[in-house]
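Working notes for the structure below.
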Amino acid sequence: MLSSSIIKQLIAIVGEERLLLGPEDFQNYGIDRTTIWQANPCAVVLPGSTEEVQQIVLLAKEFNLAIVPSGGRTGLSGGAVAKDGEIVIALDRLNEIREFNSLDRTVTVGAGVITERLQKFAIDQGLFYPVDFASTGSSQIGGNIATNAGGINVIRYGMTRQWVAGLTVVTGAGDILELNRGLMKNNTGYDFRHLFIGSEGTLGLICEATIQLTKAPEETVVMVLGIDNFPAILDVLQIFTSKIDLTAFEFFSQLALDKVVAHQGHAVPFNTKAPFYALLEFETKGSEGLDLAMRLFEHCVDQRWVLDGVVSQSLSQASALWKLREDISETLWEFQPYKNDISVRVSRMPDFLVEVNELIERHYPDFDIVWYGHIGDGNLHLNILKPEQLSSEDFVSQCSAVSNEIGQLLAKYEGSVSAEHGVGLLKRDYLHYSRSPCEISLMRAVKSAFDPNGILNPGKLFEAQGQ
Ligand code: 2HG
Ligand code: ZN
């Protein structure tokens, strides 16, 4: 509970209507897409400018109050969960699109701009913002940057980091920093911009960003292939990427397809059933690209890697094929999945797949496992579905134990325990499988430089100091 004097001071900064104290607001703003923790903030504030964010941080610093920064709350690792009486600073009102420059191909946006709005803005300027994923309709650009969001186009365009040309942040010390200012070249020492990207709100609050846009791709088509076995997915990836610049290479299992078809009513891509499906997207460049893709497809069939396939004939067919992949995560929510978001280098994927598959079969003989992900980036989303008869607590504790073994395997393969969803609360105990003790202690030192009182998102990424 906040004291009435702090409540008064918050109202003086943001105005009465922008300070929310109701249980519904707490529920709405206090959690992300994870379902493990209960929302329990002490207040939700909605500042309207960077200066207001700064004043709130200075107040919180003076009274040693913890803050949880909040964007669209579509995260899957508990990075935006306020479970311990924190003040949630929601950036929804920083939602202006300003300063588009066609020569620089940059646009400056408030942190609260919804990702899809930025994508549409880019298209209206004849340009393209390539970071794309299923929750772009509600995620905010500030949250995307704080978690370095990935998605379905990483194989061609990289992660959010690649598209951030400048940032305005308020640090935990209450300083406003303008980082890189949209420059393409700027070799003037440490690039703090990159520290804030992916920092999960532990160093500062991102208030504004200058985003680099690019040329839109030419016409693209989507191909869905039925794949005979696990290793064959990588054979298909290898042959296609050696000849064609793909914009996406995703995969999903038959079980993932069954669930999406049953729950969303989508049509199957073709009648042949296959253990796995690969979804490829590429630019056609006239008929040349398509002819080449068809020849590669035939080669894959001859090799018995591919059992069947379909190529989109129209934009609407392409988007229907995309839905088979993009709707998997949402479809699985009702099964209370335990999520793994892991990666290894693509070249190590064949060996890693054999070992992780063996580990999963050994530990989860009776569980439904849904395999899917951005396999072209070396990123697997392994969702374990909760058996109905098992309690949530037992399920999470069993899965957490297996996560330690997956962590050990990832350490052996020099992989990552969180490829794109971030660490937050969910992956905190596994961070040491991907980062050395020296790195983790340097991370803590960086945090204390930007957030000396440890008020920003305490407990996310690593345990709060003194706990
Ligand atoms: C996706 O690729 C998202 O669909 C969500 O990153 C993955 O829910 C998941 O495990
Ligand atoms: Zn993903």
For residue 345: the one exception among (1) within 30 Å of residue 456 (Cβ to Cβ); (2) within 21 Å of the chain's Cα centre (by Cα); (3) more than 16 Å from ligand 2 (Cβ to nearest atom)
(1)
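A quick yes/no check of all residues on (1) of a type outside the set (A, V, I, L, M); (2) under 19 Å from the mean Cα position of the chain (by Cα); (3) surrounded by fewer than 19 Cβ atoms within 10 Å (Cβ to Cβ):
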| position | (1), (2), (3) |
| --- | --- |
| 410 | no, no, no |
| 414 | yes, no, yes |
| 423 | no, yes, no |
| 437 | yes, no, yes |
| 441 | yes, no, yes |
| 447 | yes, no, no |
| 455 | no, no, no |
| 460 | yes, yes, no |
| 463 | yes, no, yes |
Checking residue 352 against (1) more than 26 Å from residue 268 (Cα to Cα); (2) within 11 Å of ligand 1 (Cβ to nearest atom); (3) aromatic (Phe, Trp, Tyr): exactly one of these is not met. Which one?
(2)
Looking for whichever is farther than 30 Å from residue 155 by Cβ, of a type outside the set (S, T, N, Q) and either buried (at least 19 other Cβ atoms within 10 Å of the Cβ) or touching a residue at least 40 places away in the same chain (Cβ under 8 Å) (or both) here; the options are 113, 109, 68, 131. Which one fits?
68
Of the residues that make up the stretch 33-46, is at least one under 26 Å from residue 153 (Cβ atoms) and surrounded by 18 or more Cβ atoms within 10 Å (Cβ to Cβ)?
yes
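Can you tell me which residues in the stretch 352-391 are on the phi > 0 side of the Ramachandran plot and in contact with a Gly (Cβ under 9 Å, 6 or more places away or on another chain)?
Of everything in the stretch 352-391, just one residue is on the phi > 0 side of the Ramachandran plot and in contact with a Gly (Cβ under 9 Å, 6 or more places away or on another chain), namely 378.
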Tell me, yes or no, whether the stretch 389-401 has at least one residue that is within 16 Å of ligand 1 (Cβ to nearest atom), under 19 Å from residue 431 (Cβ atoms), surrounded by 14 or more Cβ atoms within 10 Å (Cβ to Cβ) and of a type outside the set (A, V, I, L, M).
yes
Within the bounds of the stretch 275-284, is there any residue that is outside any helix (DSSP H, G or I) and surrounded by fewer than 16 Cβ atoms within 10 Å (Cβ to Cβ)?
no
Out of 266, 299, I need the residue that is surrounded by fewer than 17 Cβ atoms within 10 Å (Cβ to Cβ), at pLDDT 95 or above and either in contact with a Gly (Cβ under 9 Å, 6 or more places away or on another chain) or not in a helix (DSSP H, G or I) (or both). Which one?
266
So residue 252 clears everything in (1) at pLDDT 95 or above; (2) over 24 Å from residue 358 (Cβ atoms); (3) within 16 Å of ligand 1 (Cβ to nearest atom) except one condition, right? Which one?
(2)
For residue 250, indicate whether it is of a type in the set (D, E, K, R), surrounded by fewer than 23 Cβ atoms within 10 Å (Cβ to Cβ) and under 23 Å from residue 316 (Cβ atoms).
no
Filtering the stretch 229-245 down to residues that are exposed (fewer than 15 other Cβ atoms within 10 Å of the Cβ) and of a type in the set (Gly, Ala, Ser) yields 242
Hey, does the stretch 385-405 have a residue that's within 16 Å of ligand 2 (Cβ to nearest atom) and in contact with a Phe, Trp or Tyr (Cβ under 9 Å, 6 or more places away or on another chain)?
no
For the stretch 359-366, state whether one or more residues are crowded, with 23+ Cβ neighbours inside 10 Å, aromatic (Phe, Trp, Tyr) and either at pLDDT below 95 or under 24 Å from the mean Cα position of the chain (by Cα) (or both).
no
Taking the criterion of being surrounded by 14 or more Cβ atoms within 10 Å (Cβ to Cβ) and farther than 24 Å from residue 135 by Cβ, would at least one residue in the stretch 368-380 satisfy it?
no
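The values are calculated or read from the model by the stated rules, or taken from the named source; none is laboratory data. The structure displayed is predicted, hence computed values, not measured ones. Cβ atoms come from the backbone with ideal geometry, glycine included; neighbour counts cover every protein chain shown.
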